[in-house]
Structure formats: structure tokens, C-alpha cells
Number of protein chains: 2
Amino acid sequence: MNLSIDTNIDSRTMKDYVYQVLKRNIMELRLKPGSPLKKEKISRQLQVSVTPVREAFAKLAEDDLVDILPQNGTFVSHINIDKIIQAQFMRENMELAVIKLACEMDFPKDRLFKLQTIVKMQEILAEEENLIQLFELDNQFHRIVFETCNKKYVWEILQQVSTHIDRIRVLSLTTYFNRKEIIADHQKIIDAIKDKNLELAERVVKEHTNRIKYDIEKMKEKYSDYFD
Amino acid sequence: MNLSIDTNIDSRTMKDYVYQVLKRNIMELRLKPGSPLKKEKISRQLQVSVTPVREAFAKLAEDDLVDILPQNGTFVSHINIDKIIQAQFMRENMELAVIKLACEMDFPKDRLFKLQTIVKMQEILAEEENLIQLFELDNQFHRIVFETCNKKYVWEILQQVSTHIDRIRVLSLTTYFNRKEIIADHQKIIDAIKDKNLELAERVVKEHTNRIKYDIEKMKEKYSDYFD
DNA sequence: GTTATTATATTAACATACTAATATAAAAAA
DNA sequence: TTTTTTATATTAGTATGTTAATATAATAAC
């Protein structure tokens, strides 16, 4: 229940600040699914009034990260396996659609170089066991592909639905993480884009998402009380 | 600027009520892009305090339907053509993915019948020029397909993204609407699912979305000041 | 002991009041 | 006349207080 409070978040408003602190703590499972969130307590901890806390709750409810029960309380939501499956379905299909564009278009050399740099960095971080950074770079890799195909907004929406998946991925970081495979996947995606090899790209994307599905199953067994 | 106020909205909270009223008025372009939204005025019109109005504004901002400029004002957002294109990209690809599932699975007979009923109703409504209802049934048709494939959550996310597209579609209702083609498309989709004819389904879905793209171009010319 | 009723505490939703930031208009300086 | 400065109005963000609904605990009835 002890929040990790990061004062150096660049948030325009207090509401935004509270939202980001709570979201991070929920995503990193410092706040466990099912546990209650007390407005007054958080307002004391973060040194703000209850109004921005209340508004942050509302935004978290939009993300399905908390459940607000009127006149009762606000609770960290349980991880919903069906939502994860559907989020994964969206993710996989949109990833495939974008990779198709990437293979068809004239993918800029400097963007390919950027992707290559990320993979190199990931290889180093994997040695260092810096898993959080590895996770960040994984997202960055895919984001660059989406942005280069002029699908930045699509990426943003996928990020929103990915909150469900990401809670699992954070879990799997602490226990098991198929690092080498994921990094190898990224290398293959770069090669596929470079060679305009759509078939390879599609196969890799499918394998890539299958790995995540495997993680989900593993985590579901291990932390069954976090699910509903 | 005169709001259409529907008191018969089933909303749990005042915030929700205000949100729905404003959303509908923005979507139906009763509230024009760029026009300011005054908290006090709306709170008077809807007989609530400013707090739920303020919270409704925040939710509309999440949907990109309003722009909140701090200490300045809240304005109905302009229609962003790039967001529409990307929303359409998501819609088309997810529609394709789901239709693929529909063709592969054992699509229940009663659901097919439901879809068939909708098409029949649409044919009647097209004669009656009841365009709003036609628009509603169009959404319902696709929703049933998604839900039957266990992709209800995907549909909900797409609905959120579709707000941008829908403002256009409402516009095109009032001016031009390729009704017969859309109804015919739906009939073809039913046939494709029934016959498990994936190729036909994919061709129709692509044509279906292309019609909307055509509408977008038309509306962009006609109402250029609504765009940014 | 078990069920039904009442009382209490807690809470989200809402109302109202205040503050600081921004834009616009008015006034002053060039 | 044009530019700069100052004053005013408006507004989002925030704080605090109030209300009504819900759950839990305590009591009463069976």
C-alpha cells in the first residue's frame, strides 16, 4: 500500500500528476488488484486536495484500471483475461497491418538505423539484466514503426488498450522473460522491412504476439488471485 | 448554440448525463467546431452545478471532442482529417480481422437471422428516409458481428475512435448518403458469412470502407471550415 | 442460534467558493 | 499612427463543505 511517489513527473495539472503516480503504481502492481484506494489518504500522501484525486480516479476508471462503486469505494481493478485477449487481438492485427505498410512503402534509411540502434541497445541491456529499460525500448521500437507509417494515433489508442497487457508483462519481467527471442524478433522485423519481405514480417509478428500469449498463460497460473 | 436536451437519458450520474448531452450535440454538429463551451451557461441550461459539467468536459477532451485551453476556455474541437484516416484504418483492419473469424467459426443461426432482420428493416427505413435510424442500425449490424466473435471490447474501443468518423457521417446524412449501396453491402456480408466465403467478405468490407472514404472527401470540400 | 431491524461510518457525487493564469481591451508611450 | 504597458474580465484548476447512498456492525426479535 506504500505508494512510490515520483515528484519529477512533468504534469501540467495536479490531476495529471495524481493520475500518473497512481497509474504507474497500479501498472507495477505496487497497488494490488482488489485493494481499495482512499481519496483522503492519497490526497494527504500527495499533498493535494481531494478534487484532483477524484478526477484522477475518474480517468483511471476510463482506462479500466480501477472500479468505482458509487457511495462505496474505489478499488484497483482485477486483471481481466478476456480484455487482455481482445487487446492482444487488436494489437496483433494492427501490428500486421502496419508492418504491411512498412514493407510496401519506402521506409526511410534513418528510421531503419534508429530501429537497428534500439536492437543493439537491447542486446546490451539484456546482458545487464536491466529489464525495465528493455521493456521501454520494446515499446519504443514498435512506436517508431507506427509513426513512420503515419499511424501515430493508432499507436496511442493501442497503448490505451495495452494497459491490461502491460500489467502482465510487468509481472513476467520479475519472474520470466523471453528476452533473447524478443530481441531476435525485432532484428527479423528490421530485415523484413529492409528486404520488403512481407511474408517473413507477418510470420515474425505472429510469433512475437504468441510469445506474449504464452506469458499470459504462465502469469495466470502463478498469480491467479490478481485475475477475475 | 441552442442545445438539444434529452431528459430521458439513462445516466447514473449527472456527469454522465452532461457528457451524453454534450457529446450528442457535438456529434450532430449542433455545436459547431471552434465554438466555445461555457461551464456556467451549460450548468444553468442543464440544471446542475459546474462540477459535473467540468468533469464532462474532461471526458469529452479524452475523446478529442473538445479542446481545453487552461485558464482560457473549452472549445468544440475541429474535425481532424488525419485522425479520421487513422481511425478508418483501424476500423477497416479490425473489421477484416473479425469478418475472417466470422467466416471461420460456426456463426450461430439466430445471429444470422438477427443480421438479416436488420437489413430488412434498413430497406424499409431507406424508403421512409428515416436516416438517423438507418445510421443506428448500421452500427448495430457491425456490433452484432463483433459480439458474436467475442470481440465486444474491440468494438467499444472502435466506437471511441469512431467519434471522429461519425461527425462526418452525420454531416453526410443531411446531404448525401449512399444508402442502397450500404444496405446491399450488409446483405453481401451476411451471405459471405453464411457461405464461409472469406474472399467475398473481404472484398465487400473494403468496398464498404471505401464508400466512407469517399464521403469524407465530399464533406471536406463542402464544410472545410469544420476541419483543421 | 438465526434472522430481521436499526444505527453508524464511510464514501462518491455534487455544490459552492477561491486562486492563479490568460486574453482582451484600454491607456500610455514612442 | 504604431507599439508597449497596464487594467479588467473570464476561465480552468483547486479547495472545502454538504448530501445521499451503501456497507458493516450492533441490536432486537424470533
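Do you know which of the residues in the range A:78-96 that are more than 11 Å from every other protein chain (Cβ to nearest Cβ) and surrounded by fewer than 19 Cβ atoms within 10 Å (Cβ to Cβ) is nearest to DNA strand D (Cβ to nearest atom)? I'd like the intermediate steps shown before the answer.
Filtering the range A:78-96 down to residues more than 11 Å from every other protein chain (Cβ to nearest Cβ) leaves A:78-79, A:81.
Now restrict to residues that are surrounded by fewer than 19 Cβ atoms within 10 Å (Cβ to Cβ): A:78, A:81.
On the way: A:78: 17, A:81: 25 Å.
Among residues in the range A:78-96 that are more than 11 Å from every other protein chain (Cβ to nearest Cβ) and surrounded by fewer than 19 Cβ atoms within 10 Å (Cβ to Cβ), the one nearest to DNA strand D (Cβ to nearest atom) is A:78.
Filter the range A:1-33 down to residues that are within 15 Å of DNA strand C (Cβ to nearest atom) and in a loop (DSSP other than H, G, I, E, B), then give me how many there are.
6
Out of (1) within 20 Å of the chain's Cα centre (by Cα); (2) surrounded by 16 or more Cβ atoms within 10 Å (Cβ to Cβ); (3) more than 25 Å from residue A:157 (Cβ to Cβ), the odd one out for residue A:18 is which?
(3)
Suppose the filter is within 14 Å of chain A (Cβ to nearest Cβ) and within 23 Å of the chain's Cα centre (by Cα); does residue B:75 pass it?
On the way: within 14 Å of chain A (Cβ to nearest Cβ): no; within 23 Å of the chain's Cα centre (by Cα): yes.
Spelling it out, it is not the case that residue B:75 is within 14 Å of chain A (Cβ to nearest Cβ) and within 23 Å of the chain's Cα centre (by Cα).
Output the residues belonging to the range A:129-143 that are part of a helix (DSSP H, G or I), open to solvent by 60 Å² or more (accessible area, probe 1.4 Å) and among the acidic types (Asp, Glu).
Of the range A:129-143, the ones part of a helix (DSSP H, G or I) are A:131-143.
Narrowing the set further to residues that are open to solvent by 60 Å² or more (accessible area, probe 1.4 Å) leaves A:132-133, A:136, A:140, A:143.
Listed by number, the list holds a single entry, A:136.
May I ask you to verify whether residue B:146 is assigned to a loop (DSSP other than H, G, I, E, B), in contact (Cβ under 8 Å) with a residue 12 or more places away in the chain and closer than 21 Å to residue A:82 by Cα? Steps first, please.
Working: assigned to a loop (DSSP other than H, G, I, E, B): no; in contact (Cβ under 8 Å) with a residue 12 or more places away in the chain: yes; closer than 21 Å to residue A:82 by Cα: yes.
Against the criterion (assigned to a loop (DSSP other than H, G, I, E, B), in contact (Cβ under 8 Å) with a residue 12 or more places away in the chain and closer than 21 Å to residue A:82 by Cα), residue B:146 does not qualify.
Please tell me if residue A:147 is in contact with a helix residue (DSSP H, G or I) (Cβ under 8 Å, 6 or more places away or on another chain), farther than 30 Å from residue B:92 by Cβ, open to solvent by 10 Å² or more (accessible area, probe 1.4 Å) and modelled with pLDDT of 85 or more. Even if it seems obvious, please write down each step before you answer.
Numbers: in contact with a helix residue (DSSP H, G or I) (Cβ under 8 Å, 6 or more places away or on another chain): yes; farther than 30 Å from residue B:92 by Cβ: no; open to solvent by 10 Å² or more (accessible area, probe 1.4 Å): yes; modelled with pLDDT of 85 or more: yes.
Answer is no for this residue.
In the set A:132, A:157, which member is modelled with pLDDT of 85 or more and touching a helix residue (DSSP H, G or I) at 6+ places or on another chain (Cβ under 8 Å)?
Details: A:132 fails: modelled with pLDDT of 85 or more.
Every option except A:157 fails the conditions.
Run down B:204, B:170, B:154 and say which single residue is within 12 Å of the chain's Cα centre (by Cα) and in a helix (DSSP H, G or I).
On inspection, the qualifying residue turns out to be B:170.
Quick check on this structure: which one of A:214, A:226 is touching a residue at least 60 places away in the same chain (Cβ under 8 Å) and on the phi < 0 side of the Ramachandran plot?
Result of the check over A:214, A:226: A:226.
Looking at (1) within 14 Å of chain A (Cβ to nearest Cβ); (2) open to solvent by 20 Å² or more (accessible area, probe 1.4 Å); (3) more than 17 Å from residue B:170 (Cβ to Cβ); (4) touching a residue at least 40 places away in the same chain (Cβ under 8 Å), can you tell me which one residue B:99 breaks?
Failed condition: (2).
Counting only residues that are among the hydrophobic types (A, V, I, L, M, F, W, C) and either within 11 Å of DNA strand D (Cβ to nearest atom) or at positive phi (or both), how many does the range A:45-77 have?
We begin by selecting, within the range A:45-77, every residue among the hydrophobic types (A, V, I, L, M, F, W, C); these are A:46, A:48, A:50, A:53, A:56-58, A:60-61, A:65-66, A:68-69, A:75-76.
From the residues that got through so far, the ones that are either within 11 Å of DNA strand D (Cβ to nearest atom) or at positive phi (or both) too are A:46, A:48, A:50, A:53, A:56, A:69.
Residues that pass the stated criteria total 6.
Is there a residue in the range A:103-123 that is away from chain B (no Cβ under 14 Å), under 22 Å from residue A:22 (Cα atoms) and either surrounded by fewer than 16 Cβ atoms within 10 Å (Cβ to Cβ) or within 15 Å of the chain's Cα centre (by Cα) (or both)?
no
Output the residue which, of all residues in the range B:64-75 that are touching a residue at least 12 places away in the same chain (Cβ under 8 Å) and within 16 Å of DNA strand C (Cβ to nearest atom), is surrounded by the fewest Cβ atoms within 10 Å (Cβ to Cβ). Lay out the reasoning, then the answer.
Taking the range B:64-75 as the starting set, the residues that turn out to be touching a residue at least 12 places away in the same chain (Cβ under 8 Å) are B:64-66, B:73-75.
Subset that is within 16 Å of DNA strand C (Cβ to nearest atom): B:73-75.
Details: B:73: 13, B:74: 21, B:75: 16.
Within the range B:64-75, the match that is surrounded by the fewest Cβ atoms within 10 Å (Cβ to Cβ) is B:73.
State the number of residues belonging to the range A:151-208 that are without any contact (Cβ under 8 Å) to a residue 12 or more places away in the chain, under 20 Å from residue A:113 (Cβ atoms) and open to solvent by 60 Å² or more (accessible area, probe 1.4 Å).
Total satisfying the criteria: 2.
Considering every residue within the range A:42-63, establish whether at least one is within 14 Å of another protein chain (Cβ to nearest Cβ) and more than 14 Å from DNA strand C (Cβ to nearest atom).
Filtering the range A:42-63 for residues within 14 Å of another protein chain (Cβ to nearest Cβ) gives A:49-63.
Now narrow it down to the ones that are more than 14 Å from DNA strand C (Cβ to nearest atom): A:63.
Yes; the residues of the range A:42-63 include at least one that is within 14 Å of another protein chain (Cβ to nearest Cβ) and more than 14 Å from DNA strand C (Cβ to nearest atom).
Filtering the range A:31-44 down to residues that are surrounded by fewer than 16 Cβ atoms within 10 Å (Cβ to Cβ) and more than 11 Å from DNA strand D (Cβ to nearest atom), which residue is nearest to residue A:159 (Cα to Cα)? Steps first, please.
First, pick out the residues of the range A:31-44 that are surrounded by fewer than 16 Cβ atoms within 10 Å (Cβ to Cβ): A:32, A:34-36, A:38, A:40-41, A:44.
Retained after the next criterion (residues that are more than 11 Å from DNA strand D (Cβ to nearest atom)): A:32, A:34-35, A:38, A:41.
Details: A:32: 21, A:34: 23, A:35: 24, A:38: 27, A:41: 29 Å.
The extreme case among them is A:32.
The values are calculated or read from the model by the stated rules, or taken from the named source; none is laboratory data. Just so it is clear, the model here is predicted, and its values are computed rather than measured. We place every Cβ from the backbone using ideal geometry, glycine too, and count neighbours over all the protein chains shown. The area values use the complete protein model at the heavy-atom level, side chains included, leaving out ligands, DNA and RNA. Shrake-Rupley method; radii C 1.70, N 1.55, O 1.52, S 1.80 Å.
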